[in-house]
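Remarks on the structure that follows.
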Amino acid sequence: SLGPKARSAGYRLAGFDEIGSTNSEALAAAAAGDPGGIWFAALKQTAGRGRRGRAWESPSGNLAASLLIVPDADANVLATLGFVAGVAMQKAFAKILPQGAVRIGIDGADAMNGSGRVALKWPNDVLADGAKVAGILLEMGKAADGSHAIVIGIGVNVIAAPTGLPYPATSLRDLGYERSAEDVFEALSEAWVEAFSLWNEGAGISEILNQWRGSAAGIGAPVAVSQDGVVRRGIFETIDSSGRLVMRDDDGARIVITAGDVHFGAT
Ligand code: BTN
């Protein structure tokens with residue numbers, strides 16, 4: 001169920017034992033006139049979607065949740081909501097995992113994510129020990145009145161890591177944390193309220209990006225970013241004020257990346 005802060009902030013919850021995709025359900029609700037502020041959460045998805053057109057397996061016991069919001073903001077501002085979701089995930093894990101299990105606000109210098117610590121991977125993943133423990137899929141749709149509807153879909157590997165992915169995945173259970181999807185959802189619903197209210201304030205986007213940086217994996221370490229078949233390598237320096245990845249190549253040139261697949265490590 002929703003946490004107390006989420007309830008008093010007026011959020012609603014539609015819960016399902018099984019559903020095709022909570023993101024699809026949220027997009028359909030927007031088109032049908034839902035004003036937003038509603039979570040769609042399922043214990044199992046049969047047609048879950050990941051980024052880059054990939055399928056997302058969510059077996060029973062993992063969490064699949066999508067938040068529909070209809071915010072009054074420009075498209076470039078809306079794109080920063082992915083970082084709000086990342087920060088919210090990080091805060092949610094900090095609420096339910098032991099102290100030290102989550103990377104929060106530590107200086108980026110030692111940033112290779114090790115010893116099971118949960119950290120954020122640019123642009124939209126949550127990692128532990130280099131393996132994905134949660135993923136975020138942001139989709140834009142239309143509200144009934146034609147304005148933008150945003151769906152923030154979050155999949156958390158609570159009891160099982162999806163298989164057949166082109167990258168390593170893990171689960172809270174694999175990491176040694178026995179939690180339920182309900183516990184994770186309640187923490188997430190609370191953490192979202194906290195992160196989103198920051199974002200909504202005047203200096204909010206820069207504060208969200210600050211928090212995101214403080215929880216980032218791989219800052220200061222070698223990184224390879226591939227986009228449209230082009231691979232760029234360098235040292236991951238930071239995330240800039242628009243949320244772009246900044247790296248420095250061997251020649252000392254500063255490279256700014258808006259989109260791509262990130263690999264950590266020298267190879
Ligand atoms: C990724 O590829 O990393 C993003 C995964 C996002 C999965 C979540 S599960 C809840 C929501 N509904 C979906 O169909 N996808 C997202």
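Listing for the model above:
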{"quantity": "Residue in the stretch 84-93 that is outside any helix (DSSP H, G or I) and closer than 18 Å to Pro123 by Cα present", "calculated": "no"}
{"quantity": "The stretch 241-267: number of residues that are at pLDDT 90 or above, within 19 Å of Val126 (Cα to Cα) and part of a loop (DSSP other than H, G, I, E, B)", "calculated": "5"}
{"quantity": "Answer residue from the stretch 140-157, given it is part of a strand (DSSP E or B) and closer than 18 Å to Gly48 by Cβ and is farthest from the ligand (Cβ to nearest atom) among those", "calculated": "Gly141"}
{"quantity": "Matching residues, the stretch 1-44, being under 15 Å from Glu182 (Cα atoms), buried (at least 19 other Cβ atoms within 10 Å of the Cβ) and within 11 Å of the ligand (Cβ to nearest atom)", "calculated": "Trp39, Phe40, Ala41, Ala42"}
{"quantity": "Filter result for Gly164 (within 15 Å of the ligand (Cβ to nearest atom) and assigned to a strand (DSSP E or B))", "calculated": "no"}
{"quantity": "Selected residue (criterion: nearest to Arg244 (Cα to Cα)) from residues of the stretch 201-218 that are free of Cβ contacts under 8 Å to residues at least 24 places away in the same chain and in contact with an Asp or Glu (Cβ under 9 Å, 6 or more places away or on another chain)", "calculated": "Glu207"}
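The values are calculated or read from the model by the stated rules, or taken from the named source; none is laboratory data. What you are looking at is a predicted structure, and each value in this text was computed from that prediction instead of being measured. Because the Cβ atoms are built from the backbone with ideal geometry, glycine has one as well, and the counts that use them run over all protein chains shown.
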